[in-house]
Structures are given as structure tokens and as C-alpha cells.
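The values are calculated or read from the model by the stated rules, or taken from the named source; none is laboratory data. Note that the coordinates shown come from a computational prediction; the quantities given were computed from them, not determined experimentally. Methodologically, a virtual Cβ is constructed for each residue, glycine included, from the backbone with ideal geometry; neighbour enumeration extends over all protein chains shown.
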Amino acid sequence: MIERLKESRGATFGFKVIGRISGDEVKAFEPRIEFLIRDRKARPIGILAELSQMEGADWKARWNEMRFLQKYTDHIARMAVVGADKWEEVVAMLLAGTAVLQAETRYFTTTEIVSAWEWVRTSKNADRVPVRTMYLGTGLFKDYIPEYTEL
């Protein structure tokens, strides 16, 4: 199951994955993010993916995720991934998807979710939170977004 997080607002969209997801669930959820992208009129968005309760995904879900990211990669400036404490496992799981994503992607533990929201909205990080860069990003917005501006 994929659910929108209530903290989503403005140019930031958060979602939580619970259990094992299917390709149909990913496809059904995409219009919510597409709406935000259209509403922003080519201005960048930030995405927070809460994966601490995710138990996996079928191949169709992975394919739909990669297709979606490839289509909208130039609209996503930052992506925060929140998951279990073993972030190396999450990096391995998301590597295929981030290969097409041009946004800077960072990992946060579940206890750091407040900092994850702060970073995905503003690119600021609290001093107490270690920076775990998953992917530096090479996209359209990399050189155009000042480090400390809110999306």
C-alpha cells in the first residue's frame, strides 16, 4: 500500500510504502505526483519516500517506478529516502531507480524524519544529522537552486 503523508505541502510531496507493493499500486499512485508537477508549472519539487515498513516490490512496480522517474526526472530537485537503520540495504534497493533520477537523493533513518522533511523542503540539514548522500544528482536544477532556498 502507498499512502500520501499529511506533512506534504507546497512543493514537497511525501508518501509511505507499507508491505509489498505491486505495479498496479505504483501506477495508481502516480497521478498524485503528476498533479503536483503540473501545478508547479516546471518549478522543481521535493519528494520524501518513507520506506521503513516496505517489504519489497514486484518487478512491475520497479519498472513503473523507473518509467515514472525517467519521465519526470527534470521536475524533481531533491528526494529524501527514510527507512530502516541499515541504509546500505536501502541504497542497494533503490540503485536502479536513482540511475534515471537526476535529483540529489539522501537517506535518513526513521528517527530523522523531521530532518528529512526539512532537507527536502529547504536543502538545509541540522548539524546533528549525518549526511548520507545516495546520489548527488546531475539534473536540470542542480546548478540553479541555491543551497538554502525552499522549494
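Check the stretch 22-37 and report whether any residue there is assigned to a loop (DSSP other than H, G, I, E, B) and under 25 Å from SER115 (Cα atoms).
First, pick out the residues of the stretch 22-37 that are assigned to a loop (DSSP other than H, G, I, E, B): 22.
Those still in the list that are under 25 Å from SER115 (Cα atoms) too: none.
No, the stretch 22-37 contains no residue that is assigned to a loop (DSSP other than H, G, I, E, B) and under 25 Å from SER115 (Cα atoms).
Hey, can you tell me all the residues within the stretch 41-64 that are more than 23 Å from GLU7 (Cα to Cα), outside any strand (DSSP E or B) and out of contact with any Lys or Arg (no Cβ under 6 Å at 6 or more places or on another chain)?
Residues satisfying the conditions are ASP58, TRP59, LYS60, ALA61, ARG62, TRP63.
Could you look through the stretch 1-21, keep only residues that are surrounded by 14 or more Cβ atoms within 10 Å (Cβ to Cβ) and small (Gly, Ala, Ser), and pick out the one that is nearest to ALA116 (Cα to Cα)?
By that ranking, first place goes to GLY14.
Taking ASP58 and the conditions (1) at pLDDT 80 or above; (2) surrounded by 15 or more Cβ atoms within 10 Å (Cβ to Cβ); (3) within 20 Å of PHE13 (Cβ to Cβ), which numbered condition does it fall short on, given that it satisfies the others?
(3)
Consider SER8 carefully, then state whether it is out of contact with any Phe, Trp or Tyr (no Cβ under 7 Å at 6 or more places or on another chain) and modelled with pLDDT of 90 or more.
Yes.
Take the stretch 62-87 and flag every residue that is surrounded by fewer than 20 Cβ atoms within 10 Å (Cβ to Cβ) and in contact with a Ser or Thr (Cβ under 6 Å, 6 or more places away or on another chain).
If the condition is that a residue be surrounded by fewer than 20 Cβ atoms within 10 Å (Cβ to Cβ) and in contact with a Ser or Thr (Cβ under 6 Å, 6 or more places away or on another chain), then ALA84, ASP85 are the ones that fit.
Which of the residues that make up the stretch 11-53 are modelled with pLDDT under 90 and on the phi > 0 side of the Ramachandran plot?
Listed by number, the residues that qualify are LYS41, ALA42.
Looking at LEU5, LEU48, can you tell me which residue is under 18 Å from TYR107 (Cβ atoms) and under 12 Å from the mean Cα position of the chain (by Cα)? Lay out the reasoning, then the answer.
Details: LEU5 fails: under 12 Å from the mean Cα position of the chain (by Cα).
Every option except LEU48 fails the conditions.
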